[in-house]
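Trainee: Handing you a structure now.
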């Protein structure tokens, strides 16, 4: 499990360093293993790239040569689905599934995310971290998206302790890799970003109501990452 700690009894002791026959004091070192990320790519071919460019032009007013982003925000989600493969298969196709009538008018581009965290805490990378994914209205052009398998019925936080630990480590990994990241928010907080420079959505009627991943989950992750200086979404 990626969230397990490895405890090692140090072989060096004060007594040994002093030349004593028996050590009288020893040190215990706590070593955390490297973060494990499993690559499991979704379909992101030429069609999806071109649809992403069209989405950027329509919704953000930018004409781009590629879909590279400069990450400035991390957005945490849940999938509202309890099974990993079902969650993955909703993100995998290039075109939006037919049951997403709530956002179909905005684009045929399928929703996506950069990471998917399973119930046991395993982290899967679904696409390049610096390509734009469609996962949050108004903010995609700056945002790295992290989906978590869970949130049954899209009603409550049922994410596991392993997922909580994985998210805490993942946001730390991302901040250290991309110092440009300023914000850490939950999907349910996205509309609080409307009056910030990161908000780009041109369509004033394109909004949805989100509940994921909930206040408690975000409090826990933010508390673990407080030394990194993330900004929270402004209070409206």
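Trainee: For residue 124, state whether it is over 29 Å from residue 36 (Cα atoms), buried (at least 17 other Cβ atoms within 10 Å of the Cβ) and in contact with a strand residue (DSSP E or B) (Cβ under 7 Å, 6 or more places away or on another chain).
Mentor: Judged against the criteria, residue 124 is not a match.
Trainee: Determine whether residue 58 is part of a helix (DSSP H, G or I) and surrounded by fewer than 19 Cβ atoms within 10 Å (Cβ to Cβ).
Mentor: yes
Trainee: Assigned by TED's automatic domain parsing to the domain that holds residue 173, over 19 Å from residue 159 (Cα atoms) and out of contact with any helix residue (DSSP H, G or I) (no Cβ under 8 Å at 6 or more places or on another chain), is that true of residue 52?
Mentor: yes
Trainee: Can you tell me which residue among 124, 95 is within 13 Å of the chain's Cα centre (by Cα) and farther than 22 Å from residue 70 by Cβ?
Mentor: Only one candidate qualifies: 124.
Trainee: So, residue 187, is that one farther than 15 Å from residue 72 by Cβ, out of contact with any helix residue (DSSP H, G or I) (no Cβ under 8 Å at 6 or more places or on another chain) and crowded, with 18+ Cβ neighbours inside 10 Å or not?
Mentor: Criteria met by residue 187.
Trainee: Then there is this: State all residues of segment 61-93 that are closer than 15 Å to residue 40 by Cα and part of a loop (DSSP other than H, G, I, E, B); if no residue qualifies, say none.
Mentor: If the condition is that a residue be closer than 15 Å to residue 40 by Cα and part of a loop (DSSP other than H, G, I, E, B), then 92, 93 are the ones that fit.
Trainee: Which of (1) under 25 Å from residue 34 (Cα atoms); (2) in contact (Cβ under 8 Å) with a residue 60 or more places away in the chain; (3) surrounded by fewer than 16 Cβ atoms within 10 Å (Cβ to Cβ) does residue 202 not meet, given it meets every other one?
Mentor: Only one criterion is unmet by residue 202, namely (1).
Trainee: It is to be established whether one or more residues within segment 135-144 are surrounded by fewer than 21 Cβ atoms within 10 Å (Cβ to Cβ) and touching a strand residue (DSSP E or B) at 6+ places or on another chain (Cβ under 6 Å).
Mentor: no
Trainee: With (1) without any contact (Cβ under 8 Å) to a residue 60 or more places away in the chain; (2) touching a helix residue (DSSP H, G or I) at 6+ places or on another chain (Cβ under 6 Å); (3) under 24 Å from residue 151 (Cβ atoms) as the list, and residue 212 as the residue in question, which single condition is left unmet?
Mentor: (1)
Trainee: Considering every residue within segment 214-226, establish whether at least one is in a loop (DSSP other than H, G, I, E, B) and buried (at least 16 other Cβ atoms within 10 Å of the Cβ).
Mentor: yes
Trainee: State which residue pairs qualify: first residue within 23 Å of residue 201 (Cβ to Cβ) and inside segment 124-152, second residue modelled with pLDDT under 95 in any location, beta carbons under 9 Å apart, and separation of 6 or more residues or different chains.
Mentor: Cβ pairs passing all conditions: none.
The values are calculated or read from the model by the stated rules, or taken from the named source; none is laboratory data. What you are looking at is a predicted structure, and each value in this text was computed from that prediction instead of being measured. Positions of Cβ are backbone-derived with ideal geometry, glycine not excepted, and every protein chain shown enters the neighbour counts.
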